[in-house]
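Data block below; observations after.
The values are calculated or read from the model by the stated rules, or taken from the named source; none is laboratory data. This one's a predicted model, so the numbers in the text were calculated from it and none came from an experiment. Glycine gets a Cβ as well: all are built from the backbone with ideal geometry, and neighbour counts include every protein chain shown. Ligands, DNA and RNA are stripped out before the accessible areas are found, and what is left, the full protein with its side chains, is counted by its heavy atoms. Shrake-Rupley method; radii C 1.70, N 1.55, O 1.52, S 1.80 Å.
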Amino acid sequence: MRIALLQIAPTGSLEGNLRKGLDCCRKAKALSADIALFPEMWSNGYDIYSRPPEVWMNDAIDADHLFVSSFAEEARDLGMAIGITLLEQTEEGVRNSFILFDRHGERKLLYAKVHTCDFGAERSLTPGNDFHVADIDTKEGMVKVGAMICYDREMPESARILMLRGAELILVPNACPMEIN
């Protein structure tokens, strides 16, 4: 199985990120990828440090937004699973989320980052409350896939819960601002 880790810089707009993301999925498929995985919060480019929360929270989109559904269509058209990330608007609040579409374009997993960072801008996000595993159909057969996002990987229970639930593969979108480290 080939996983394309799309280590790409955002464009500065939702529309630009959509166009660039779809193009990168096509390139990944041309390189025989079975899954394309986007960096954390691809919809807004993880742009939460340069502006106050009351401004960047306006970038949040619904999980059924055209931005997201475009990747479902692309997954189906390419016959490749796509893991898209977004700043998600929900009734509970704004979340750092991940959606996995299988190669048929069906949404198999919707996950919100459980361990948000209390020491930065993420303290304004609404954390998720559980770790999930889903079966995805690949050309190699069925695979149990789980997900965690960035800081979740620092907590051992994240991977432990996913393993106990049968995950054979754990996808981990990440967008740490490495400059500050």
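About its Cα centre, the chain has a charge dipole of approximately 580 debye under the convention of +1 per Lys or Arg Cβ and -1 per Asp or Glu Cβ, with nothing else charged. A compact globular protein would have a Cα radius of gyration near 2.2 N^0.38 Å; the ratio found for the chain is 0.96.
Counting only protein heavy atoms and a 1.4 Å probe, the range 131-181 has 57 square angstrom of accessible area per residue.
Taking every DSSP beta bridge with both residues inside the chain, roughly what % is antiparallel (nearest 5)? Beta bridges within the chain, antiparallel portion: roughly 65 percent. Between Leu171 and Gly146, Ala147, Met148, the built amide H atoms are under 5 Å apart, and every one of these is 5 or more places off in sequence or on another chain.
Straightening the chain between Glu54 and Asp77 buys 4.6 nm, computed as 0.36 nm per residue apart minus the Cα-Cα spacing.
Coupling constants for the range 10-16 follow from the phi torsions by the Karplus curve (6.51 cos²θ - 1.76 cosθ + 1.60, θ = phi - 60°), and in residue order they are x, 8, x, 8, 4, 5, x Hz; glycine and proline get x. The chymotrypsin sites (Phe, Trp or Tyr not before Pro) of the range 9-110 that meet both conditions, a loop assignment by DSSP and at most 16 other Cβ atoms within 10 Å of the site Cβ, are Tyr49. Of the heavy-atom accessible surface of the chain (probe 1.4 angstrom), what whole percent is carbon and sulfur? So the carbon and sulfur contribution to the accessible surface is 50 percent. According to the calculation over all Cα-Cα pairs in the range 107-163, the P(r) per 10 Å bin from zero is 23, 45, 24, 7, 1 %. Taking the chain as the region of interest, the number of lysine pairs whose Cα atoms are within less than 18 Å, with members eight or more places apart or on different chains, is 4. Taken along the Cα-to-beta-carbon direction at a fixed 7 Å, the label points for Arg165 and His65 span 2.4 nm.
Spin-label pair Asp118-Ile3: with each label point 7 Å from Cα along the Cα-Cβ axis, the two points sit 2.9 nm from one another.
Sparse packing (at most 16 other Cβ atoms within 10 Å of the Cβ) combined with a DSSP loop state is found for the following GluC sites (Glu not before Pro) in the range 83-180: Glu91, Glu92, Glu106, Glu140, Glu168.
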